[in-house]
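Peer 1: Submitted below is the structure of interest, expressed as structure tokens.
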Amino acid sequence: MADLICLATGVLLVLLVWFDFGSTALTASESGPLSRRVAFATWRLALTLNKLVKSHRFLGAVGPLIIMVLINMWVFAAWLGWSLIYLGGEPSVLNSITKVPADTSSVSYFVGFTLTTLGTGDYVPADGFWQMMTVVTAFNGLALITLSITYAIPVVQAAAVKRTVAREISVMGETVDEIAAHWARHHQYQGVETYLATLTPQILDIAQKHLAYPILHYYHSPELQTALPLKLAALDEAIRAIPAEAYVQNPSLRIAEHNCSKAIEVFLSTLNKAFIHPTDEEPPQLLAPDLTKGTARVVGTQRATESLAKRRKLLRALVLQDGWTWDQIAKG
């Protein structure tokens, strides 16, 4: 009975590993149930520790660390699962010289070098069924390790794209006021629609990358200029600061603004995959100069609807969950 329980537990564990791994690395739409929770817990722990460390470079190292944690979790869980399978089918592993059945530690050792395809040869599978299972185990380990490494490479590449998009937004200005002032000086918002039209597909692209690799949310940039959460929030607030007169003078700006806002909305729709939800309170209003009239007005009052309030709460949550503060959108 104990052997049957051991065997069943091992099979379930191996299936769970592959379900979680497949959901994370192969579906390109979400993370597996284990991976999501492990990544989130690791990031939350890092944010807590950062209250003591107070270093954005420390947070910048957490994303790669999470990748390594997930890969090791999959490999070691598979190792444990296959070990339980072999232990549940004793005698499944024999000493290659004495032909004596291997003990628990030796079975785990055999499964380990089989999964990693080392093949040291001091232990061998029992004849028949277990010889075939050894081939399956080796293929399982080879596929798992190879695909894990393959999964990590595009995540790192996507993190670079993420920084590039943030840098492009920073070109217009580091804060909401700077972006709005830059646009107003640029021939009364002439050319802004071209900038927004160029930026829109880039935001949509990075949104799809976050959807395919939710772990990308935990790749933190230690520099303000390349911190995408800050720059997206600043851009969204700056868009709200565009005066109505600018749309009258340049009708095509309305279309560009609408498309860019929708692109940001698509990006925000990926946050649920990383357990990021709207904050309870709407972020404080940020003042931006209305340069077309020489006065000042509050950013966000334009189209101040319930959906806009939820959107701003979600942007605030994005900023806070990335280890920044909302004030840094205004102060840089």
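Peer 1: Using Cα atoms only, what is the angle between the long axis of helix 2-25 and the major principal axis of the chain, expressed in degrees (0 to 90) to the nearest 10?
Peer 2: Between the helix axis and the principal axis of the chain, the angle is about 30 degrees.
Peer 1: Excluding residues fewer than 8 places away in the same chain, name every one of the lysines whose C-alpha is closer than 28 Å to that of LYS99.
Peer 2: LYS99 reaches no qualifying lysines.
Peer 1: Next question, about the same structure. Can you compute the charge dipole magnitude of segment 40-187 about its Cα centre, using +1 on each Lys and Arg Cβ and -1 on each Asp and Glu Cβ, nothing else charged? Give it in debye, rounded to the nearest 20.
Peer 2: Working: 9 positive and 8 negative charges, 125 e Å.
In debye, rounded to 20, segment 40-187 gives about 600.
Peer 1: Does anyone have the angle between helix 192-212 and the longest principal axis of the chain? Alpha-carbon axes, 0 to 90°, nearest 10?
Peer 2: For 192-212 against the chain, the angle is about 20 degrees.
Peer 1: A further question on this structure: Quick one: net charge around ALA274, please, counting Lys, Arg +1 and Asp, Glu -1 for every other residue with C-beta under 14 Å from its C-beta.
Peer 2: Details: positive: ARG36, ARG37, ARG44, LYS162, LYS209, LYS273; negative: GLU30, ASP322.
Residues near ALA274 contribute +4 overall.
Peer 1: Which is the longest run of the chain containing none of the GluC sites (Glu not before Pro) found in DSSP loop states (not H, G, I, E, B) with at most 15 other C-beta atoms within 10 Å? Don't skip to the answer; put the middle values down first.
Peer 2: Numbers: sites that count: GLU223, GLU281.
The longest such stretch corresponds to 1-222.
Peer 1: Using only the C-alpha atoms of segment 154-331, find the volume of their convex hull and express it per residue in Å³. Could you put the intermediate results ahead of the total?
Peer 2: Details: hull volume 17.6 nm³, N = 178.
Expressed per residue, the convex hull around the Cα atoms of segment 154-331 is 99 Å³.
Peer 1: For an R0 of 51 angstrom, estimate the FRET efficiency from the Cβ-Cβ distance between ASN95 and ASN50 and round to the nearest 0.05. It would help to have the intermediate numbers written out before the result.
Peer 2: Numbers: r = 51 Å, r/R0 = 0.99.
After rounding to 0.05, the efficiency reads 0.50.
Peer 1: Hey, another quick one. In nm, to one decimal, how far is the modelled label at GLU245 from the one at GLN190, with both set 7 Å along Cα→Cβ?
Peer 2: The two pseudo-label positions are separated by 1.6 nm.
Peer 1: From the cross-link list LYS54/LYS209; LYS262/LYS310; LYS162/LYS231, which pairs have alpha carbons spaced over 18 Å apart?
Peer 2: Details: LYS54/LYS209 29 Å; LYS262/LYS310 14 Å; LYS162/LYS231 11 Å.
Correct reply: LYS54/LYS209.
Peer 1: Multiplying the sequence separation of PHE113 and HIS258 by 0.36 nm and subtracting their Cα-Cα distance, what value in nm do you get?
Peer 2: Working: separation 145, 0.36 × 145 = 52.20 nm, distance 5.66 nm.
Working it through step by step, the gained length comes to 46.5 nm.
Peer 1: Considering only CYS260, SER148, LEU94, whose Cα is most displaced toward the positive end of the charge dipole of the chain, charges sitting on Cβ of Lys, Arg (+1) and Asp, Glu (-1)?
Peer 2: It is CYS260.
Peer 1: Nearest 20 debye, what's the magnitude of the dipole of the chain about its Cα centre given +1 on Lys and Arg Cβ and -1 on Asp and Glu Cβ?
Peer 2: On the way: 26 positive and 26 negative charges, 147 e Å.
The calculated dipole for the chain is roughly 700 debye.
Peer 1: Taking the chain on its own, what percent of its Cα-Cα pair distances exceed 26 Å? Could you put the intermediate results ahead of the total?
Peer 2: Values: 31005 of 54946 pairs.
The share of Cα pairs beyond 26 Å in the chain comes to 56 percent.
Peer 1: Two decimals is fine: what is log10 I(q)/I(0) at q = 0.13 Å⁻¹ for segment 1-89, from a Debye sum with one equal scatterer on every Cα and no solvent?
Peer 2: Per q value, in the given order, log10 I(q)/I(0) is -0.54.
Peer 1: Related question: Any idea which of ALA39, VAL17, VAL111 is furthest toward the positive side of the dipole for segment 2-149, if Lys and Arg beta-carbons carry +1 and Asp and Glu beta-carbons -1?
Peer 2: It is ALA39.
Peer 1: Let me ask something additional. About the Cα centre of segment 154-331, how large is the charge dipole given +1 on each Lys and Arg Cβ and -1 on each Asp and Glu Cβ? Please answer in debye to the nearest 20.
Peer 2: So the magnitude is around 260 debye.
Peer 1: Roughly what angle does helix 104-115 make with the longest principal axis of the chain, taking Cα atoms, 0 to 90 degrees, to the nearest 10?
Peer 2: 60 degrees
Peer 1: What percentages, rounded to whole numbers, describe P(r) for segment 2-149 computed over all alpha carbon pairs with 10 Å bin width beginning at zero?
Peer 2: 11, 35, 26, 18, 8, 2
The numbers here are math on the coordinates, done by the rules we state, and not lab data. In this text, all values refer to a predicted model and were calculated from it rather than measured experimentally. Cβ coordinates were reconstructed from backbone atoms using ideal geometry, including for glycine residues, and neighbour counts include every protein chain displayed.
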